[in-house]
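The values are calculated or read from the model by the stated rules, or taken from the named source; none is laboratory data. The structure displayed is predicted, hence computed values, not measured ones. Quick reminder, even Gly has a Cβ in these numbers, built from the backbone with ideal geometry, and neighbours come from all protein chains shown.
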Amino acid sequence: MIDFLLLMKQELIITVIIFTLLLLKIGTEMSNTAILNLANGLLLFNLAAGFMGNQAGMLFDGMFFTNPLIVLQKNILSLGTLIVSLQSSSWLKKHEHVPEFYILLLSNLLGMFFMISTGNLLMFYVGLELSSIPLAAMANFDLGKRKSSEAAMKFIVSSAFASGLLLFGISLVYGATGTLTFSELASHITGGPLPVFAFVLLLAGFAFKISVVPFHLWTADVYEGAPVAVTSWLSVISKGSVLFVFVSVLYTVFKPMAGTWYNMLFVLSMLTILIGNLFAIRQNNIKRFLAFSSIAQIGFILVGITGSSQLATASVVYFVLIYVFSNLAAFGVVALVSSVTGREQVSDYKGFYKTNPVLSWVLTIALFSLAGVPPTAGFFGKFFLLMSGAGKGNYVLITVAALNMIISFYYYLRIVKAIFMDANEHPIEHLAIPAYPKLAMFICVAGIIITGLTGYIYDYIHSLSFGL
Amino acid sequence: MSIPLTHILFVSTALFFIGTYGLFTRRNLITMLMSIELILNSVNINFVAFNKYLYPDKLNGVFFSLFIITVAAAEAAVAIAIIINLYRNHRSIDVEDVKEMKN
């Protein structure tokens, strides 16, 4: 019993928070501000509790297991949730369904936690669905907006199809091996045609969820149509959690097929970087622009995953941490501008520095970190990813990735140029930054600078990681 | 005389690809949702058949199909709620009519 409470501590806290909010919604008439304060406080408590009294171990016959790396991954996701919640407060204040938003958000987070700690394909499937069905409802949260409902429709159809593919793959894996447990699967899987076919289906399912290139078509529309808070959640937390599971499934379950999936990931990562970059160049809506830039970033992460060493796991977790800070900082500014003025075009940001110097600097630091300009953390993140990919000695892949970093400089700096250099007759007026988004931006900018400059964080992640 | 496993796998695979074909060709959202159900049910047949024919001593596969049925019901509920809201905003559930975002 004590074991159960200690090992599942993070999941239990989230469950309690969900029920607290549900009861408050049913039983009381709280104002939006009070609910927002309470929810942010509870999320902060959840993040703090994640750092204390952690143990490694397993429950329910290996269905659920946890270790220091998994705890760290969950803490990264909790941190991201807190930042998203702080940023969306100015949008939520005007919304009439605030508790429901938090219930959906935390159900999502709960699904991700179960998905990360799973040791069994059944648990994995249930966790994955719990982390994608409420997300579709969240994409529809601007109930009266035409774009929002279109985005939700596209998201639920593509995510249901992706889980269909994934399930068909799982059923074939079950047919070939007769077990669903990760540890037993690893010793039963051979490189025969049936496991390879099953793996292709599973890979397609995963690729849909993290929007790798042949399966990325839903991304831009969903990002543009969904409310900005949901978009930032989708692009950072949702993708990050699936990436964590993807790494552990590849490195434990499909260990015997390492040669096969290396070639598949090699092709997919090159395609993803290239197409993400080329499409990002021609976007005019800033949310669509960030969507394609996030596709390109996923390509870089895949380069890191191909390394399949201890360095590879460490670099992926480290990069996701940096990506949480830098992408959420960018989305924070976009969310504030969009919720006050409703302007979302790249050309609207011309002359932004004249009216909003602080927001301009936050956005610029975030874009520098996304592009990988040296003093920011993004540089170190990409450096470790490429180093891990280079460990395999495949220099074609590394050359393509490095050249694409140069292309990405072009489109990130295009926005920086618009902010600082271009003249504009009607710039965005001066915006007052409310307290919560200001705190979120401060955390993000501090994170971008500190994670890169202190070697301790990377060393800590590396010491927890595992290889193939 | 019992039916060999390959026959059942043939049915389930055919069902899977009929569902995929339907999802990509149909333009009505309710029909697309039905196609997704076909895909999920083909997976159910797979699980139950593998369980019965190859690994009859454990119940892994049957339990998995029970979970799939439950989750598919939840998914359909959310999808239909979204489609109703889409109909309120767009006055149509045909995907060809829902084209707010074009780059």
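Summary table
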read-out	value
Some residue of the stretch A:187-195 being within 12 Å of chain B (Cβ to nearest Cβ), more than 30 Å from B:Leu86 (Cα to Cα) and of a type in the set (S, T, N, Q)	no
Pairs with Cβ under 7 Å, 6+ apart, first in the stretch A:432-450 and part of a helix (DSSP H, G or I), second aromatic (Phe, Trp, Tyr)	A:Cys444/A:Phe325; A:Gly447/A:Phe325; A:Ile448/A:Phe325
Residues located in the stretch A:376-431, provided they are assigned to a loop (DSSP other than H, G, I, E, B) and within 27 Å of A:Gln283 (Cβ to Cβ)	A:Thr376, A:Met421, A:Asp422, A:Ala423, A:Asn424, A:Glu425, A:His426, A:Pro427, A:Ile428, A:Glu429, A:His430, A:Leu431
Scan of the stretch B:50-84 for residues that are of a type in the set (Val, Ile, Thr) and in contact (Cβ under 8 Å) with a residue 24 or more places away in the chain, ordered by number	B:Ile68, B:Ile69, B:Ile80, B:Ile83
Count of the stretch A:160-183 residues which are more than 7 Å from every other protein chain (Cβ to nearest Cβ), crowded, with 24+ Cβ neighbours inside 10 Å and not hydrophobic (A, V, I, L, M, F, W, C)	1
Flag if A:Ile286 is within 14 Å of another protein chain (Cβ to nearest Cβ), in contact with a strand residue (DSSP E or B) (Cβ under 9 Å, 6 or more places away or on another chain) and in contact (Cβ under 8 Å) with a residue 40 or more places away in the chain	yes
Residue within the stretch A:326-337 that is in contact with a Gly (Cβ under 9 Å, 6 or more places away or on another chain), among the hydroxyl-bearing types (Ser, Thr, Tyr), at pLDDT 90 or above and in a helix (DSSP H, G or I) present	yes
The stretch A:26-62: number of residues that are under 25 Å from the mean Cα position of the chain (by Cα), surrounded by 15 or more Cβ atoms within 10 Å (Cβ to Cβ), of a type in the set (Gly, Ala, Ser) and in a helix (DSSP H, G or I)	2
Unique residue being surrounded by fewer than 22 Cβ atoms within 10 Å (Cβ to Cβ) and in contact (Cβ under 8 Å) with a residue 40 or more places away in the chain when the list is A:Gly205, A:Gly191	A:Gly191
Scope the stretch A:215-230; condition within 14 Å of another protein chain (Cβ to nearest Cβ) and either of a type in the set (Asp, Glu) or assigned to a helix (DSSP H, G or I) (or both); matching residues	A:Phe215, A:Leu217, A:Trp218, A:Thr219, A:Ala220, A:Asp221, A:Val222, A:Tyr223, A:Glu224, A:Gly225, A:Val230
Residue that is surrounded by 24 or more Cβ atoms within 10 Å (Cβ to Cβ) and within 14 Å of another protein chain (Cβ to nearest Cβ), where the choices are A:Ala296, A:Ala291, A:Ala312	A:Ala291
Check on A:Asn404, surrounded by fewer than 18 Cβ atoms within 10 Å (Cβ to Cβ), touching a residue at least 60 places away in the same chain (Cβ under 8 Å) and out of contact with any strand residue (DSSP E or B) (no Cβ under 9 Å at 6 or more places or on another chain)	no
Number of positions in the stretch A:231-290 that are in a helix (DSSP H, G or I), more than 17 Å from the chain's Cα centre (by Cα) and basic (Lys, Arg)	1
Count of the stretch A:109-136 residues which are more than 10 Å from chain B (Cβ to nearest Cβ) and polar (S, T, N, Q)	3
Among (1) under 22 Å from A:Phe161 (Cβ atoms); (2) buried (at least 20 other Cβ atoms within 10 Å of the Cβ) - the single one B:Ala77 does not satisfy	(2)
Only listed residue being touching a Gly at 6+ places or on another chain (Cβ under 7 Å), under 29 Å from A:Ile461 (Cβ atoms) and touching a residue at least 12 places away in the same chain (Cβ under 8 Å), chosen from A:Leu6, A:Leu43, A:Leu59	A:Leu6
Filter result for A:Ser117 (under 30 Å from A:Leu69 (Cα atoms), in contact with a strand residue (DSSP E or B) (Cβ under 8 Å, 6 or more places away or on another chain) and crowded, with 24+ Cβ neighbours inside 10 Å)	yes
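Each row is one residue, and each column tells you yes or no for (1) more than 25 Å from A:Ser315 (Cα to Cα); (2) in contact (Cβ under 8 Å) with a residue 24 or more places away in the chain; (3) not aromatic (Phe, Trp, Tyr).
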{"site": "A:Asn37", "(1), (2), (3)": "yes, no, yes"}
{"site": "A:Gln55", "(1), (2), (3)": "no, yes, yes"}
{"site": "A:Ser78", "(1), (2), (3)": "no, yes, yes"}
{"site": "A:Leu106", "(1), (2), (3)": "yes, yes, yes"}
{"site": "A:Thr118", "(1), (2), (3)": "no, yes, yes"}
{"site": "A:Gly127", "(1), (2), (3)": "no, no, yes"}
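The rows are residues; the columns are (1) over 28 Å from B:Glu100 (Cβ atoms); (2) hydrophobic (A, V, I, L, M, F, W, C); (3) surrounded by fewer than 24 Cβ atoms within 10 Å (Cβ to Cβ).
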| site | (1), (2), (3) |
| --- | --- |
| A:Leu79 | yes, yes, yes |
| A:Leu104 | no, yes, yes |
| A:Ala136 | no, yes, no |
| A:Lys147 | no, no, yes |
